[in-house]
Amino acid sequence: MKLTLKIWRQANAEAPGKMVTYPIDAVSPDMSFLEMMDVLNEQLIQKGEDPVAFDHDCREGICGMCSMFINGEAHGPDRLVTTCQLHMRKFKDGDTITIEPFRANAFPVIKDLVVDRSAFDRVQQAGGFVSVNTSGNTQDANPIPIDKHDADRAFDAATCIGCGACVATCKNASAMLFVSAKVSQYALLPQGKVEATDRVLNMVKQMDSEGFGNCTNTGACEVECPKGISLENIARMNREYLAASLKG
Ligand code: SF4
Ligand code: FES
């Protein structure tokens, strides 16, 4: 396949960025999107040019690093896949592909397609954990029975990989889907109920202080989420937040 790539190039956080056009050929339909980017970068390096910076780690859909906005969609045109799981067979010979970083005020660009998503880490640090008594009297988790339905829903919420596609897709750059997944994975389990009040209040406070926008229920986040995280989690977080606020 022969393709034309239009890629956002930005030297650093302060520099102005711009779209730069790169023709590329000999792209196999069986390549992953990141393998295609590797080919481009090899060509740029051989020509003495600066390769395109992009994030990646696992290349199997579990680390959430490969944040790219491809033809106007987070992680590209396929559903329920990350950019590293997207294959070039989703495109046609002769296509022009536009590649941009995930854009949000809370995700500043570091270089080219790499953005700083440490805001998500700080939201997690505000409450995305269960405190454990390590004095030697810790109860084994297995003696606490958990309803299968709750366990399944908690697991579904826990599959969020923190990629940020929900934020990049939302016209308000809201992080509600991410934060609600993290709140839900604990709120549904008995182990998470002990700190539930502080958790939801602190995580939402941190989310707001990071500059994410408000949720206006467009549902775009759910459509573009590579892990199929459900809007149901946002409704659950709102209920948790209301209950916690009333408790004071
Ligand atoms: S909710 Fe989905 S889109 Fe948002 S960070 Fe988690 S996995 Fe990514
Ligand atoms: S590189 Fe890990 S999810 Fe894509």
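The values are calculated or read from the model by the stated rules, or taken from the named source; none is laboratory data. If you're wondering where the values come from, they're calculated on a predicted model, not measured in any experiment. Cβ: placed from backbone, ideal geometry, glycine included. Neighbour counts: every protein chain shown.
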- prompt: Based on what the data block shows, is R117 at pLDDT 95 or above, farther than 18 Å from Y22 by Cβ and surrounded by fewer than 19 Cβ atoms within 10 Å (Cβ to Cβ)?
  reply: no
message: Going through T169, T138 one at a time, which residue ends up being farther than 19 Å from R239 by Cβ and under 13 Å from the mean Cα position of the chain (by Cα)?
response: T169
- prompt: Could you say whether any residue in region 209-218 is surrounded by fewer than 17 Cβ atoms within 10 Å (Cβ to Cβ), modelled with pLDDT of 95 or more and touching a Leu at 6+ places or on another chain (Cβ under 7 Å)?
  reply: no
message: Filter region 153-174 down to the residues that are within 7 Å of ligand 1 (Cβ to nearest atom), under 16 Å from R79 (Cβ atoms) and either outside any loop (DSSP other than H, G, I, E, B) or small (G, A, S) (or both) and list them by number.
response: A165, C166
message: Can you tell me which of (1) surrounded by 16 or more Cβ atoms within 10 Å (Cβ to Cβ); (2) within 16 Å of ligand 1 (Cβ to nearest atom) is the one R79 doesn't meet?
response: (1)
- prompt: Can we say A141 is assigned to a helix (DSSP H, G or I), among the hydrophobic types (A, V, I, L, M, F, W, C) and over 30 Å from V115 (Cα atoms)?
  reply: no
message: If I ask for residues that are in contact with a helix residue (DSSP H, G or I) (Cβ under 7 Å, 6 or more places away or on another chain), within 8 Å of ligand 1 (Cβ to nearest atom) and either part of a loop (DSSP other than H, G, I, E, B) or of a type in the set (K, R) (or both), which ones from region 213-229 would you list?
response: C225, P226, I229
- prompt: Only one of (1) part of a loop (DSSP other than H, G, I, E, B); (2) more than 16 Å from ligand 1 (Cβ to nearest atom); (3) in contact (Cβ under 8 Å) with a residue 60 or more places away in the chain is not met by R89, so which one is it?
  reply: (1)
statement: When every residue in region 175-196 that is more than 12 Å from ligand 1 (Cβ to nearest atom) and assigned to a helix (DSSP H, G or I) is compared, the one surrounded by the most Cβ atoms within 10 Å (Cβ to Cβ) is Y186
- prompt: Any idea which of (1) within 14 Å of ligand 2 (Cβ to nearest atom); (2) on the phi > 0 side of the Ramachandran plot is the one A26 doesn't satisfy?
  reply: (1)
message: Can you pull out every residue in region 219-228 that is surrounded by 13 or more Cβ atoms within 10 Å (Cβ to Cβ) and within 16 Å of ligand 2 (Cβ to nearest atom)?
response: E224, C225, P226, K227
message: Can you say whether T138 is modelled with pLDDT of 95 or more and either surrounded by 13 or more Cβ atoms within 10 Å (Cβ to Cβ) or of a type in the set (V, I, T) (or both), as far as the supplied structure shows?
response: no
field: Residue list for region 40-70, restricted to those being under 21 Å from M1 (Cβ atoms), surrounded by 16 or more Cβ atoms within 10 Å (Cβ to Cβ) and of a type in the set (A, V, I, L, M)
entry: L40, V52, M68, I70
- line: A careful count of residues in region 39-76 that are within 16 Å of ligand 1 (Cβ to nearest atom), without any contact (Cβ under 8 Å) to a residue 40 or more places away in the chain and among the β-branched types (V, I, T) gives 1
